[in-house]
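One structure below.
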Amino acid sequence: MNGAGAGPGGGALRLRPMTEADLPHVARLEAGLFGAEAWSAALLANELAAAGGPGADRAYAVVEELEQPGTSVAAGRGALLGYAGLWYGDGRGDADLLTIATAPQARRRGVATRLLDHLLSQARRQGCEHVLLEVRASNTGAQALYTRHGFEVLGVRRRYYTCPEEDALVMRLRLGPPRGPGPVGAEALGRH
């Protein structure tokens, strides 16, 4: 992960793995953005725990703005501007974008794009073939971001969201060719 780039306040942006120290900040941002549907602090902690260690099946990242343009990465943490998580399982199937959120003051400045690019790279490294996600039918900004990254709408989950009640669009991105050789002779026909 790298931190090149300027943030909304003029400081450098840094993308890095989410840590336990980020959880209070993430929980506050989560509650402010998602209200009654926000993940609890305990759920966030459980998710982060599943992202660490040799048996990890998911990844979480944050983007922060370093306080001063010349601040070194080792100097400490800056203001949290966004966070995201991806479940990739054992890498043999599809990954799921679990969450992606940007602080209101940091929107339209590439924070979500940075997070999404990073997690899509993680899914590719793990060997996943597709990434799936759900997005509110009314969230045209997020839908545009996903469409720019190549996601396509697969269908609708009726009343997926509850506060307020709303449908979700199910979107999918194909990351690469299918795994395995395919049917006998498929390679000769270019159909694998």
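The values are calculated or read from the model by the stated rules, or taken from the named source; none is laboratory data. Note that this is a predicted model, so its numbers are computed, not measured. Please note: Cβ atoms are built from the backbone with ideal geometry, for glycine as well, and neighbour counts cover all protein chains shown. We work out accessible area using only protein heavy atoms, side chains counted, and drop any ligands, DNA or RNA first. Shrake-Rupley method; radii C 1.70, N 1.55, O 1.52, S 1.80 Å.
Sort 35-46, 141-152, 79-90 for me by packing, meaning the mean count of neighbouring Cβ atoms within 10 Å per residue, highest on top.
In descending order of packing, they fall as 79-90, 141-152, 35-46.
Relative to the present Cα-Cα distance, how much length would full extension add between residue 67 and residue 165 at 0.36 nm per residue of separation?
31.4 nm
Which FRET efficiency, nearest 0.05, do residue 158 and residue 33 yield, Cβ-Cβ r, R0 30 Å?
Computed FRET efficiency for residue 158 and residue 33 comes out at 0.80.
Below 8 Å, C-alpha to C-alpha, sequence gap of six or more: please give me the relative contact order for segment 130-174 in percent.
Here the relative contact order equals 51 percent.
Take every Cα pair under 8 Å in segment 40-146 that's 6+ residues apart, average their separations, divide by the length, and report that relative contact order as a whole percent.
Over segment 40-146, the number comes to 22 percent.
Given a 1.4 Å probe, how much area per residue of segment 84-186 is accessible, in Å²?
Result: 54 Å² per residue.
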